[in-house]
Amino acid sequence: MAFLEVKQISFEYDNQKILDDISFKMEKSQIFCLIGPNGSGKTTMLDCIMGLLSLKSGKIFLQGQDISQLNPKQIAQNIAYVPQNHKKTFPYTVKEIVLMGRAAHNGLFNSPNQHDHLIAHNAIETAGIEHLKERPYTELSGGEGQLVMIARALAQEPTLLIMDEPTTHLDFQNSLVVLESIKYLVRKKQISVLLATHHLNHAFYFENNGLDTIAAMLNQKNFAVIGRPNKILSKDNIEKVFNINCQIIDYHSGRFQNQKYIIPLETIN
């Protein structure tokens, strides 16, 4: 039985088909990179998997359970979500924001206990934001706020972590912090990660580091291609989906062997 199974799902908005007959499977402790141009339906697919949108047709199963039959609390106890954008409305401290991730287990009106505080503290450490824990959330930069959202998601102790453009607004160092955190969660916590990204090299990063990684290139309402990054992230496929000319290189240095990277060269008119 697959950890997550998406079976022939379709979604329409205002009678316009956004997703059409999409199927795929994820295994436990696997990373699934959903890649595609702007407007290709990546975020819509994530919303469908979380049960936020009603499918036109098809089924989604999480550990054998039909997600449409789960209530919001059951979904929140299994799936955590890191959005692409978030609003900083109230000046809660960072540690208070992260502690809110425990609501899925305790309910909205129960006070967090010592165990909850410990889990939130560990999530803050994992996200590398311990130095921010007493800061008001509203005073943080966009990149810092994104790391807080990741920590809050980790505090939910999910079996599946869904991330929409997780390195948006992050600088070069913090982008790597996020990728390293994902790597840690998959290896040490056996969490499965489904992420939508514009950065094709994210898929190579995880595969380069020996993680079980699948990439799917979404285009024209369905997958143009799906498989292991080293098999499907080819010069020809990238040209067809993104309309760019690129070079794929192999990097060998010290302990970093057989590393693949994509270098974009020019758009194709």
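The values are calculated or read from the model by the stated rules, or taken from the named source; none is laboratory data. Everything numeric in this text was worked out from a predicted model, so none of it was measured. Note that we place each Cβ from the backbone using ideal geometry, even for glycine, and neighbour counts take in every protein chain shown.
Is one or more of the residues making up segment 68-91 touching a helix residue (DSSP H, G or I) at 6+ places or on another chain (Cβ under 8 Å), farther than 30 Å from Ile129 by Cα and surrounded by 14 or more Cβ atoms within 10 Å (Cβ to Cβ)? Checked against the condition, which is being touching a helix residue (DSSP H, G or I) at 6+ places or on another chain (Cβ under 8 Å), farther than 30 Å from Ile129 by Cα and surrounded by 14 or more Cβ atoms within 10 Å (Cβ to Cβ), segment 68-91 yields no hits at all.
Is one or more of the residues making up segment 160-181 more than 17 Å from Val82 (Cα to Cα) and at pLDDT 90 or above? No - not one qualifying residue is present in segment 160-181.
The strands (runs of 3 or more DSSP E) found entirely in segment 183-266 that carry 1 or more residues being among the hydrophobic types (A, V, I, L, M, F, W, C) and farther than 25 Å from Asn78 by Cα are 213-219, 222-227, 244-253.
For segment 224-237, filtering for residues that are hydrophobic (A, V, I, L, M, F, W, C) and crowded, with 20+ Cβ neighbours inside 10 Å leaves 1. When segment 92-104 is limited to residues that are under 22 Å from Glu165 (Cβ atoms) and of a type in the set (A, V, I, L, M, F, W, C), the one that is surrounded by the most Cβ atoms within 10 Å (Cβ to Cβ) turns out to be Val98.
For beta carbons closer than 8 Å, sequence separation of 6+ or different chains, a first residue in segment 125-144 that is within 21 Å of Leu185 (Cα to Cα) and a second that is among the β-branched types (Val, Ile, Thr) and not in a helix (DSSP H, G or I), the qualifying pairs are Lys133/Thr93; Glu144/Ile129. Whenever a residue of segment 63-81 is within 12 Å of Gln156 (Cα to Cα), its partners that are modelled with pLDDT under 85 and part of a helix (DSSP H, G or I), lying with C-beta atoms within less than 7 angstrom and at least six residues away or across chains, give the pairs Lys73/Ala104; Ala76/Ala104; Gln77/Ala104; Gln77/His105. Of the residues making up segment 69-105, just one is among the charged types (D, E, K, R) and touching a Ser or Thr at 6+ places or on another chain (Cβ under 6 Å), namely Lys88. Go through segment 143-182 residue by residue and tally those that are assigned to a helix (DSSP H, G or I), more than 13 Å from Ala123 (Cα to Cα) and out of contact with any Gly (no Cβ under 9 Å at 6 or more places or on another chain). Qualifying residue count for the region: 8. Among the residues of segment 180-214, what is the count of those that are within 12 Å of the chain's Cα centre (by Cα), crowded, with 22+ Cβ neighbours inside 10 Å and not hydrophobic (A, V, I, L, M, F, W, C)? Matching residues across segment 180-214 total 2. Restricted to segment 1-93, the set of strands (runs of 3 or more DSSP E) holding at least 3 residues that are over 19 Å from Gln190 (Cβ atoms) comprises 4-13, 16-26, 57-62. Within segment 185-242, being more than 15 Å from Ile263 (Cα to Cα) and out of contact with any strand residue (DSSP E or B) (no Cβ under 8 Å at 6 or more places or on another chain) holds for Arg187, Lys188, Lys189, Gln190, Asn209, Gly210, Asn219, Gln220, Lys231.
Of the residues making up segment 11-62, those that are more than 16 Å from the chain's Cα centre (by Cα), aliphatic (A, V, I, L, M) and farther than 23 Å from Gln77 by Cα are Ile18, Leu19, Ile22.
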